[in-house]
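*Asks:* One structure, pasted below without further comment.
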Amino acid sequence: MTEEETLELKVVKDQGIVKWGSLRVVILRADTLFDLINSIERFTSRPEILITLGQQIGYKYAENMKNSNIFEAKSLWTENKEDFLKIVLTTDTYGGWGRFELERAEKNKIVIKVYNSFLASIYLKRFGKSDHPICAFLLGYFQGILASIFNKDITEILGAEEKCEAMGDDYCQFEYILQ
Ligand SMILES: [Zn+2]
């Protein structure tokens, strides 16, 4: 199966189902997902909740990908963790979350660049430039993915969003140290 075939969206109209490869997906407008994520912060008044939410979702996603045939993820998982990480990031790129790139993977340091983060784009459109990075959900999301792949506790992965498109940078940049 080619990449295109595997990731082609298939609408099963009479059942009201959309499939992406073998996965059932739900398509949300990017604005809706932005509101959904940010309303959790608003209702709890705990900004760090977005990081926790991202961690849980990222962790589960990477765990699921270990048994997925998308981009032959399952066999990559057993062969090479860095290649597997790249595949996990690629699938999100196909999902329209932004273009995720693994910028550098040294022994204990991982840098992930995100071009066109849907969070930063919508933030800019609605509120204008921010004086701080705003992609807390993605910061936690990648932490969760890294914890799953490198078999670490979430507290062993220190991370920060060093650049953010919402601040006027050309891309968002997330840096992690694996302890
Ligand atoms: Zn950002």
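Read the figures in this text as sums done on the coordinates, not as results from a lab. This is a predicted model, so every value here is computed, not measured. Because the Cβ atoms are built from the backbone with ideal geometry, glycine has one as well, and the counts that use them run over all protein chains shown.
*Asks:* Pop out the Kirkwood hydrodynamic radius of the stretch 66-155 from its pairwise C-alpha distances, inverse of mean 1/r, in Å to one decimal.
*Replies:* Details: mean 1/r = 0.0701 Å⁻¹.
Radius from the Kirkwood sum: 14.3 Å.
*Asks:* OK, next. Can you grab the distance from the C-alpha centre of the stretch 62-108 to the C-alpha centre of the stretch 110-128, Å, no decimals?
*Replies:* 21
*Asks:* Using +1 at the C-beta of Lys and Arg and -1 at the C-beta of Asp and Glu, which of Leu119, Ile177, Thr93 has the Cα lying farthest in the positive direction of the dipole of the chain?
*Replies:* Leu119
*Asks:* Estimate the FRET efficiency between Glu48 and Leu28 by the formula 1/(1 + (r/R0)^6), using the beta-carbon distance for r and 25 Å for R0, to the nearest 0.05.
*Replies:* Numbers: r = 24 Å, r/R0 = 0.95.
Step by step, r from the Cβ atoms, then E = 0.60.
*Asks:* Turning to a different aspect of this structure: Got a sec? How would Leu158, Leu85 order by Cβ neighbour count within 10 Å, fewest to most?
*Replies:* By the 10 Å Cβ count, ascending: Leu158, Leu85.
*Asks:* Something else now. Which order results if Ser130, Ser22, Ser117 are arranged by neighbouring Cβ count within 10 Å, fewest first?
*Replies:* Placing the least packed residue first, the sequence is Ser22, Ser130, Ser117.
*Asks:* Something else now. Across 10 Å bins from 0, what is the distribution of all Cα-Cα pair distances for the chain, in whole percents?
*Replies:* 9, 36, 36, 16, 2
*Asks:* Springs between alpha-carbon pairs under 10 angstrom, Gaussian network model over the chain: which of Asp83, Asp14, Asp92 fluctuates most?
*Replies:* In the Gaussian network model the winner is Asp14.
*Asks:* At most 11 other C-beta atoms within 10 Å and a DSSP loop state: those are the exposed trypsin sites (Lys or Arg not before Pro) I care about. Give me the longest piece of the chain that has none.
*Replies:* 30-106
*Asks:* Hey, how much of the P(r) for the stretch 3-108 falls beyond 17 Å, as a percent of Cα pairs? Could you put the intermediate results ahead of the total?
*Replies:* Details: 3562 of 5565 pairs.
Tail fraction, whole percent: 64.
*Asks:* Follow-up. Taking the Cα centre as origin and putting +1 on Lys and Arg beta-carbons and -1 on Asp and Glu beta-carbons, what dipole magnitude results for the chain, to the nearest 20 debye?
*Replies:* Values: 22 positive and 27 negative charges, 88 e Å.
So the dipole magnitude of the chain works out to roughly 420 debye.
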